[in-house]
1. Kindly state which strands (runs of 3 or more DSSP E) lie completely within the range 87-191 and contain at least 3 residues that are touching a Cys at 6+ places or on another chain (Cβ under 8 Å) and closer than 28 Å to Asp28 by Cβ.
2. Can you tell me which residue among Arg148, Arg166, Arg84, Arg98 is over 17 Å from the mean Cα position of the chain (by Cα) and closer than 17 Å to Ala39 by Cβ?
3. What number goes with the only condition from (1) part of a loop (DSSP other than H, G, I, E, B); (2) surrounded by 19 or more Cβ atoms within 10 Å (Cβ to Cβ) that Gln13 does not pass?
4. Name the one entry in Thr173, Thr124 that is in contact with an Asp or Glu (Cβ under 6 Å, 6 or more places away or on another chain), over 21 Å from Asp23 (Cβ atoms) and at pLDDT 95 or above.
5. Mind checking which pairs have a first residue in the range 1-27 that is within 15 Å of Val170 (Cβ to Cβ) and touching a residue at least 40 places away in the same chain (Cβ under 8 Å) and a second that is part of a loop (DSSP other than H, G, I, E, B) and open to solvent by 50 Å² or more (accessible area, probe 1.4 Å), Cβ under 7 Å, 6 or more apart or different chains?
6. If I ask for residues that are out of contact with any Lys or Arg (no Cβ under 8 Å at 6 or more places or on another chain), within 15 Å of Thr200 (Cα to Cα) and surrounded by 15 or more Cβ atoms within 10 Å (Cβ to Cβ), which ones from the range 149-173 would you list?
Amino acid sequence: MRDPDAAFSDPRQAVLHDVLDDDRSDLDAYVALVEDVRARRIVDVGCGTGSLAVRLAALGLDVVGVDPAGASLDVARSKPQAERVTWIHGDATDLNGRVGGADLVVMTGNVAQVFVSDEDWAATLRSVAAALRPGGWFVFETRRPEARDWETWDLPPTSVRLEDGRTAVVTRTVTRVEPPLVSFESSAAIGPDVLTSTSTLRFRPRSEVEHDLRAHGFEVDDVREAPDRPGKEYVFVCRRGGGDRGDDRGSLPA
């Protein structure tokens, strides 16, 4: 697996994440999904600063959050309800032999796109399948390549007020578009310090994702819109094969 981007692994930048990306209304759909399928044991792969994990833990659920960026996990561990979450510093393959029988595995925030190599993507799908009980749910989002949303990503210098009273001037620039890969660079200038991070994401078409899921033992139950980003993303609702539908713990509304 590749190393996490500096935006998540650099402690100076990880503490800025929740301020710069403070609208997490996208998580409402995942909370509703947990209720729909009556999941009690949930794994959040690529949990970042733990916004969803602590929210679910506050509901009394058994939650595991795994992320390769230690600095982001440090932020997560500082949040209310964090002590109710099992935090794992690593990627999905670090779940192997440690987590099993989950009702639901989620990947929010387009985490699925950080796996740019076929090998890393396949290893992630294998590990997710192993972490789930037979018939357990796997739900994640990924941007639609045909929407070409990267054409809107450039951000001119923009001032953001931080919680400690300082001001950060943030920018974002797409640096390379070579489908299926798109690279960009972000920066945050705080006083004399300029913190930078580079990233490359992979945009997989729907047919490719569905093929990969089925190859790793998943049944694709539905492909939905992201309610807060219509037309821009696919939300894949899948199940690990081998479950008994007649003895299901929960089902999704049509």
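The values are calculated or read from the model by the stated rules, or taken from the named source; none is laboratory data. Computed from a prediction, not measured in an experiment: that's the story for all the values here. Virtual Cβ from ideal backbone geometry, glycine too; neighbours counted across all protein chains shown. Areas reflect the complete protein model, heavy atoms only, side chains present, ligands, DNA and RNA absent. Shrake-Rupley method; radii C 1.70, N 1.55, O 1.52, S 1.80 Å.
1. Result: 132-143.
2. Result of the check over Arg148, Arg166, Arg84, Arg98: Arg84.
3. (1)
4. Thr173
5. Within 7 Å, the pairs are Val19/Glu163.
6. Once the filter is applied, which keeps residues that are out of contact with any Lys or Arg (no Cβ under 8 Å at 6 or more places or on another chain), within 15 Å of Thr200 (Cα to Cα) and surrounded by 15 or more Cβ atoms within 10 Å (Cβ to Cβ), the range 149-173 yields Trp150, Arg172.
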